[in-house]
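> Would you mind keeping the following structure in view while I ask a few things?
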Amino acid sequence: MQSDDLKDLILEAAKIIARAKLVLSFTGAGISAESGIPTFRDSGGLWEKYRVEDVATPEAFMRNPKFVWEFYLERKKKIKEANPNPAHYALADLERILRESGKSFYIITQNIDNLHREAGNKNIIELHGNIWYTKCSNSFCEKSRPFYDPRTSPEEYEDFPPRCSSCGSLLRPHVVWFGEPLPEDAINESFRLASLADVVIVVGTSGAVFPAAYVPYITREHGGKVIEVNIRTSSLTSISDVFLMGRAGEILPRIVEEVKRALK
Ligand code: BV8
């Protein structure tokens, strides 16, 4: 990709965003890659070291809760050391400048690392939960409401795998595993916003996981534009109006700078 091509694409993306009333950003693990958090399906990704069926399904948890907890505590440790990167801060900047111009901006994320909140975004929908929250696995228990849990090692828990202090059932991370439904309010609000959005900025996702990956399709079906930022093509590239190849940490700040210029 010639750099002037990229420059033109950044200007085109910024023009679409500056014209929009409702802007969404749909993000995946790739936006946190430059914070040092491994993605899932890239080389060196999580699914190279672990099998999904061993760590990210309810069956895996019933079969070996200790192993699943160790997987999530290892990720919590890594996420605790990580900071938001320029891509996260660019989206926080974008929410602020769009709000100041009387427009709306929401992040719809598949990520569980909480980095969008740490970067300063307010309007965030977490489709797959949040690694810093834990809940009782017994949905009838009062502790089945997720509670903040900053612990990152087995020794910090009374027993391991940890159990609920009120009903004795296993505690579990507040994340959505494969085969589990997404939080109803999160997915319904995401689809509603997607159907109304003038543009969705897709950042760092393979588009491999559903129903989350329907979000950009819904925006497009309702006449909205799709802008994609990724280091390579993805299964969403074919539906994107503007595809910017490169690192999110490098491209998003440049797009936001041009949006600021356009809104002056
Ligand atoms: C469900 C949380 C049913 C835990 C995750 C159609 C409709 C509905 C369901 C399905 C369907 N088809 C198939 C299904 C089943 C399944 C599914 O989608 N399977 C896929 C794999 C085929 N879906 C489910 O099971 C869902 N549940 O459907 O339940 C139901 C309904 C009612 C009642 C009962 C049951 C639940 C899915 C949620 C699974 N949980 N994670 C955790 O994180 O541990 S999914 C996991 O994948 C993460 O959330 C992750 O975010 C998500 C998507 O991955 P990506 O974020 O895209 O990451 P990936 O590594 O793939 O890609 C990274 C990208 O970044 C790459 O493109 C790379 O190029 C790019 N990149 C890298 N570096 C950079 C970069 N880009 C820019 N800059 C960089 N620097």
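> Which condition number does A29 fail, the rest of (1) within 8 Å of the ligand (Cβ to nearest atom); (2) farther than 17 Å from T205 by Cβ; (3) of a type in the set (A, V, I, L, M, F, W, C) being met?
Unmet condition: (2).
> In addition: Mind counting the residues in segment 92-116 that are of a type outside the set (A, V, I, L, M) and within 23 Å of P211 (Cβ to Cβ)? Step through it out loud before you land on a result.
Taking segment 92-116 as the starting set, the residues that turn out to be of a type outside the set (A, V, I, L, M) are 93, 95-96, 99-106, 109-111, 113-114, 116.
Right, trim to within 23 Å of P211 (Cβ to Cβ) and you get 104-106, 109-111, 113-114, 116.
Number satisfying all stated conditions: 9.
> Select from segment 72-111 the residues that are free of Cβ contacts under 8 Å to residues at least 12 places away in the same chain and within 26 Å of V175 (Cβ to Cβ) and list them in ascending order.
E74 - this is the single residue of segment 72-111 that is free of Cβ contacts under 8 Å to residues at least 12 places away in the same chain and within 26 Å of V175 (Cβ to Cβ).
> Okay, moving on. Identify the single condition in (1) over 17 Å from the mean Cα position of the chain (by Cα); (2) touching a residue at least 60 places away in the same chain (Cβ under 8 Å) that E221 does not satisfy, given that it satisfies every other one.
(2)
> Spot the failing condition for R51; the list is (1) in the same structural domain as A262 (by TED's automatic domain parsing); (2) open to solvent by 50 Å² or more (accessible area, probe 1.4 Å), and only one is missed.
(1)
> Select from segment 196-206 the residues that are part of a loop (DSSP other than H, G, I, E, B) and buried (at least 23 other Cβ atoms within 10 Å of the Cβ) and list them in ascending order.
Restricting attention to segment 196-206, the residues satisfying the condition of being part of a loop (DSSP other than H, G, I, E, B) are 197-198, 204-206.
Within segment 196-206, A197, G204, T205 meet the criteria.
> Please find, within segment 208-264, the residue that is farthest from the ligand (Cβ to nearest atom) out of those that are part of a loop (DSSP other than H, G, I, E, B) and of a type in the set (D, E, K, R). Walk me through how you get there before you give the answer.
Applying the first criterion (part of a loop (DSSP other than H, G, I, E, B)) to segment 208-264 yields 208-213, 222-224, 231-236, 240-241, 246-247, 264.
This time we only want the ones that are of a type in the set (D, E, K, R), so: 232, 241, 247, 264.
On the way: R232: 5, D241: 18, R247: 4, K264: 28 Å.
My answer is K264.
> Continuing with the same structure: Within segment 31-53, work out how many residues are under 18 Å from A87 (Cβ atoms) and in a helix (DSSP H, G or I).
Final tally of qualifying residues: 5.
> Continuing with the same structure: Taking P150, is it touching a strand residue (DSSP E or B) at 6+ places or on another chain (Cβ under 8 Å) and outside the structural domain of F26 (by TED's automatic domain parsing)? Steps first, answer last, please.
Values: touching a strand residue (DSSP E or B) at 6+ places or on another chain (Cβ under 8 Å): yes; outside the structural domain of F26 (by TED's automatic domain parsing): yes.
So P150 passes the test.
> Test K66 against the criterion of being open to solvent by 20 Å² or more (accessible area, probe 1.4 Å) and within 14 Å of the ligand (Cβ to nearest atom), and give yes or no. Write out each step before concluding.
Values: open to solvent by 20 Å² or more (accessible area, probe 1.4 Å): yes; within 14 Å of the ligand (Cβ to nearest atom): no.
So K66 does not fit the description; no.
> When both residues are 6+ apart or on different chains and their Cβ atoms are under 8 Å apart, which pairs have a first residue that lies in segment 233-246 and is open to solvent by 30 Å² or more (accessible area, probe 1.4 Å), and a second that is among the aliphatic types (A, V, I, L, M) and not in a strand (DSSP E or B)?
Close Cβ pairs satisfying both conditions: S235/A208; S235/A213; D241/I16; F243/L9; M245/M1; M245/L6; M245/I231.
> Taking the criterion of being of a type in the set (S, T, N, Q) and not in a helix (DSSP H, G or I), would at least one residue in segment 10-30 satisfy it?
Step one: list which residues in segment 10-30 are of a type in the set (S, T, N, Q), which gives 25, 27.
Those left that are additionally not in a helix (DSSP H, G or I): 25, 27.
The answer is yes; a qualifying residue exists.
> Right, here's the next one. Given the conditions (1) more than 24 Å from H174 (Cα to Cα); (2) open to solvent by less than 40 Å² (accessible area, probe 1.4 Å), which single one is not true for S43?
Single failed check for S43: (2).
> Are there any pairs, at least 6 apart or on different chains, whose C-beta atoms fall under 7 Å, with the first in segment 176-187 and open to solvent by 40 Å² or more (accessible area, probe 1.4 Å) and the second near the ligand (Cβ under 6 Å from one of its atoms), and if so, which?
Once the first residue is open to solvent by 40 Å² or more (accessible area, probe 1.4 Å) and sits in segment 176-187, its partners that are near the ligand (Cβ under 6 Å from one of its atoms) give F178/A56.
> Follow-up. Of the residues that sit in segment 121-144 and are at pLDDT 95 or above and open to solvent by 60 Å² or more (accessible area, probe 1.4 Å), which one is nearest to V23 (Cα to Cα)?
Across segment 121-144, the extreme among qualifying residues is K122.
The values are calculated or read from the model by the stated rules, or taken from the named source; none is laboratory data. Since the structure is predicted, the reported quantities are computational estimates derived from the model, not experimental observations. FYI the Cβ positions are ideal-geometry reconstructions off the backbone, even for glycines, and counts take in every protein chain you see. To get the accessible areas, we keep the full protein, side chains included, count just its heavy atoms, and leave off ligands, DNA and RNA. Shrake-Rupley method; radii C 1.70, N 1.55, O 1.52, S 1.80 Å.
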